[in-house]
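The structure appears below as structure tokens.
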Number of protein chains: 2
Amino acid sequence: MEPRISIITLGVADLPRAIRFYRDGLGLKTTADDDADIAFFRTSGTCLALYPRDLLAEEVSPDLSADVPVFSGVTLAHVARTREEVDAVLALAEAAGGTIVKAAEVAFWGGYSGYFRDLDGHFWEVAWWQDWEFNSDGSLVIE
Amino acid sequence: MEPRISIITLGVADLPRAIRFYRDGLGLKTTADDDADIAFFRTSGTCLALYPRDLLAEEVSPDLSADVPVFSGVTLAHVARTREEVDAVLALAEAAGGTIVKAAEVAFWGGYSGYFRDLDGHFWEVAWWQDWEFNSDGSLVIE
């Protein structure tokens with residue numbers, strides 16, 4: 001298995017609303033318009049996809065419930081290039097309708113980090129740490 | 001906000017067990033040994049991290065339950081380079097202790113796709129489609 005996560009798909013209750021949050025609110029690029037069946041966002045490395053939550057559950061298995069859990073057990077992290085950018089991205093997410101669940105603060109591991117929930121309860125960390133280095137494509141240097 | 005998902009973190013019940021699944025079973029690369037506090041796997045673009053589920057919930061918010069939902073509402077997709085590789089990766093995941101929840105089949109959108117659950121219930125799609133093209137770094141070409 002080549003080490004590759006090609007797509008992260010987030011199940012959403014209202015696809016046009018979710019598209020507007022990520023496209024218009026956060027400014028991510030997609031060719032999807034408001035009546036798309038699925039939306040793909042080009043990001044460095046891994047593609048972000050939005051798809052109706054009930055259809056996503058059904059696609060995986062007919063036995064799955066599409067109920068929204070309090071905590072999915074999955075977090076996505078956006079590593080910012082500066083500490084100030086952490087606050088800016090969190091403010092952008094809140095302005096777009098997201099919910100700040102943890103205001104940015106100095107974390108126990110030394111970085112500066114906060115969390116927001118998107119409109120469907122998916123958790124994003126926005127973080128910066130002076131020891132993190134970026135590859136030329138924007139991905140993190142991981143040993 | 002630059003279009004970038006830096007890290008995907010999966011909450012897990014038993015970190016050494018999860019490390020063995022991804023490192024020894026699926027063959028992903030990490031410097032983490034069995035008694036690590038967190039494990040980072042280098043993948044093309046987005047880093048995969050494993051972290052104890054209860055600590056991950058606590059890290060996000062003290063109000064979150066660490067209960068495992070039937071369906072997180074998130075799927076990760078590994079796009080294979082050939083149809084045969086889909087079957088091979090699913091077999092590898094099953095041999096490593098994962099559960100096949102959907103055997104690979106021709107999907108309604110034309111590709112060939114199956115799903116497995118990892119040891120903590122996180123869903124992975126393994127898929128191939130003749131129309132998908134890869135960038136030189138292994139990421140998908142997304143318009």
Given the conditions (1) outside any loop (DSSP other than H, G, I, E, B); (2) closer than 26 Å to B:Tyr51 by Cα, every one holds for A:Trp109 apart from (1)
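Restricting to segment B:71-90, name every residue that is among the hydrophobic types (A, V, I, L, M, F, W, C) and either in contact with a Phe, Trp or Tyr (Cβ under 6 Å, 6 or more places away or on another chain) or in contact (Cβ under 8 Å) with a residue 24 or more places away in the chain (or both).
Filtering segment B:71-90 for residues among the hydrophobic types (A, V, I, L, M, F, W, C) gives B:71, B:74, B:76-77, B:79-80, B:86, B:88-90.
Scanning segment B:71-90 gives B:Phe71, B:Val74, B:Leu76, B:Ala77, B:Val79, B:Ala80, B:Val86, B:Val89, B:Leu90.
Would you mention how many residues in segment B:77-103 are within 17 Å of B:Phe134 (Cβ to Cβ) and either facing chain A (nearest Cβ under 7 Å) or surrounded by 15 or more Cβ atoms within 10 Å (Cβ to Cβ) (or both)?
Taking segment B:77-103 first, the residues within 17 Å of B:Phe134 (Cβ to Cβ) are B:77-86, B:89.
Now drop any that are not either facing chain A (nearest Cβ under 7 Å) or surrounded by 15 or more Cβ atoms within 10 Å (Cβ to Cβ) (or both), which leaves B:77-80, B:83, B:85-86, B:89.
Summing the residues that are within 17 Å of B:Phe134 (Cβ to Cβ) and either facing chain A (nearest Cβ under 7 Å) or surrounded by 15 or more Cβ atoms within 10 Å (Cβ to Cβ) (or both) in segment B:77-103 gives 8.
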Scanning segment B:112-134 for residues that are facing chain A (nearest Cβ under 9 Å) and in a loop (DSSP other than H, G, I, E, B), the one surrounded by the fewest Cβ atoms within 10 Å (Cβ to Cβ) turns out to be B:Trp132
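Consider segment A:8-56. How many of its residues are of a type in the set (Ser, Thr, Tyr), over 12 Å from the mean Cα position of the chain (by Cα) and assigned to a strand (DSSP E or B)? Quick ask: steps written out before the conclusion?
Going residue by residue through segment A:8-56, those that are of a type in the set (Ser, Thr, Tyr) are A:9, A:22, A:30-31, A:43-44, A:46, A:51.
Keeping just the survivors that are over 12 Å from the mean Cα position of the chain (by Cα) gives A:30-31, A:44, A:51.
Narrowing further to those that are assigned to a strand (DSSP E or B): A:30, A:51.
Adding up the residues that qualify gives 2.
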A:Ala66 meets each of (1) aliphatic (A, V, I, L, M); (2) crowded, with 17+ Cβ neighbours inside 10 Å; (3) facing another protein chain (nearest Cβ under 10 Å) with one exception, condition (2)
For segment A:91-113, pairs from a residue that is more than 27 Å from A:Arg17 (Cα to Cα) to a residue that is of a type in the set (Val, Ile, Thr) and in a helix (DSSP H, G or I), with Cβ under 6 Å and 6 or more apart or across chains, are A:Tyr112/A:Val86
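Would you check if B:Pro3 is within 25 Å of A:Phe40 (Cβ to Cβ) and more than 13 Å from the chain's Cα centre (by Cα)? Steps first, please.
Numbers: within 25 Å of A:Phe40 (Cβ to Cβ): yes; more than 13 Å from the chain's Cα centre (by Cα): yes.
The answer is yes for B:Pro3.
Has segment A:99-107 got at least one residue that is under 25 Å from B:Lys29 (Cβ atoms) and not hydrophobic (A, V, I, L, M, F, W, C)? Give the steps one after another, and end with the answer.
Step one: of segment A:99-107, the residues under 25 Å from B:Lys29 (Cβ atoms) are none.
So far as segment A:99-107 goes, no, none of its residues is under 25 Å from B:Lys29 (Cβ atoms) and not hydrophobic (A, V, I, L, M, F, W, C).
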*Could we say that B:Phe21 is at the interface with chain A (Cβ under 9 Å from one of its Cβ atoms) and either buried (at least 19 other Cβ atoms within 10 Å of the Cβ) or among the β-branched types (Val, Ile, Thr) (or both) here?*
no
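Conditions tested, residue by residue: (1) in contact with a strand residue (DSSP E or B) (Cβ under 8 Å, 6 or more places away or on another chain); (2) over 19 Å from A:Leu92 (Cα atoms).
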residue	(1), (2)
A:Gly11	yes, yes
A:Asp14	no, yes
A:Tyr22	yes, no
A:Asp33	no, yes
A:Ile38	yes, yes
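Throughout, read-outs are computed from the coordinates displayed, never taken from laboratory work. All values derive from a computational prediction rather than experimental measurement. Cβ coordinates were reconstructed from backbone atoms using ideal geometry, including for glycine residues, and neighbour counts include every protein chain displayed.
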